[in-house]
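Down below is the structure, laid out as structure tokens.
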Amino acid sequence: MPKTPKVHDPSEQIRAALRRPGHGSSDFDLNPETVLPPGRKLRPAGVLVPISVVDDVPRLILTKRSSALKHHPGQIAFPGGKQDEGDVDVTAAALREAQEEIGLPSDLPEVLGFLPTHETVTSFSVTPVVAILRHSFQAIPEPGEVDEVFSVPLKHILDPSNYVVESRRWRGQRRKYFTVPFGPYYIWGATARILRGLAARVSE
């Protein structure tokens, strides 16, 4: 009788990494010459970093934003969004948005902890909420918001050597950013920067 593959559960490894002290990140990490407007106020937001351990290989679930969206069309992102008045905190915002965007039941994720906040060029202070999914669910992309829900092996994301710094011209200036490509998916920008922070903590 064939043996059932032993599932590697990274929960304790991730918990330990999240407990390590560290600084937040931003869209400007690689572009220190960026000039921000005075009196800039940051709005709180939460994104879910969902790690599925249902199969024999732990995988990170991500989304591909709709190509019809006005902001960041077609980009790879975490499920999540800004904290609304009805949200108790950024965790509630991340769980609510994940349920709306990909059909993830709010009681399914087991929250392990948080990464330091990430400041975006669009004036959001984003808190990454890292969670484990021990049960499968039927992903349902939100029409008009999400084109695709997919997953990437966690091992690929946690390997710092898979990250590359690239650049392109944006608003007349050369801007640098992190990328961590996987197959047909070009993961870059804030998503890659947040994941790079997680990879750095785990590898310490």
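Nothing in this text is a laboratory measurement; each read-out follows from the coordinates by a stated rule. All values derive from a computational prediction rather than experimental measurement. Every residue, glycine among them, receives a Cβ derived from its backbone with ideal geometry; neighbour counts consider all protein chains shown.
Summary table
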| item | result |
| --- | --- |
| Sum of -39500 (n - 2.57) over DSSP H runs of 4+, divided by residues of the chain (222 nm, nearest 500) | -6000 deg cm²/dmol |
| Positive-pole candidate from 62, 94, 38, dipole of the chain, charges at beta carbon | 38 |
| Residue 121 long-range amide H proximity, modeled H, under 5 Å | 27 |
| Surrounding net charge for residue 113, when Lys and Arg each add one and Asp and Glu each subtract one, Cβ distance under 12 Å | +2 |
| Dipole of the chain, positive end: most advanced residue of 186, 114, 163 [Cβ charges, Cα centre] | 163 |
| Stokes-Einstein D for the range 97-204, Kirkwood Rh over Cα pairs, 25 °C, 0.890 mPa s (µm²/s) | 156 µm²/s |
| Cβ-based charge dipole, the range 67-179, positive-most Cα from 140, 103, 129 | 129 |
| In sequence order, calculated HN-Hα J values of the range 77-89 (Karplus, 6.51, -1.76, 1.60; Hz; x Gly/Pro) | 8, 7, x, x, x, 5, 7, 8, 4, x, 8, 5, 7 |
| Estimated vicinal HN-Hα couplings, Hz - the range 189-204 in sequence order (Karplus 6.51, -1.76, 1.60; Gly, Pro = x) | x, 4, 4, 5, 5, 5, 5, 5, x, 5, 4, 5, 5, 5, 7, 5 |
| The range 21-157 - share of DSSP beta bridges that are antiparallel (%, nearest 5) | 60 percent |
| Charge dipole magnitude, Cβ of K and R +1, D and E -1 - the chain, Cα centre, debye nearest 20 | 820 debye |
| For the chain, built as a Gaussian network whose Cα springs stay under 10 Å, the top-fluctuating residue of 146, 54, 35 | 35 |
| For residue 148, distant residues with modelled amide H under 5 Å away | 64 |
| Most mobile of 145, 101, 166 in a GNM of the chain (Cα contacts under 10 Å) | 166 |
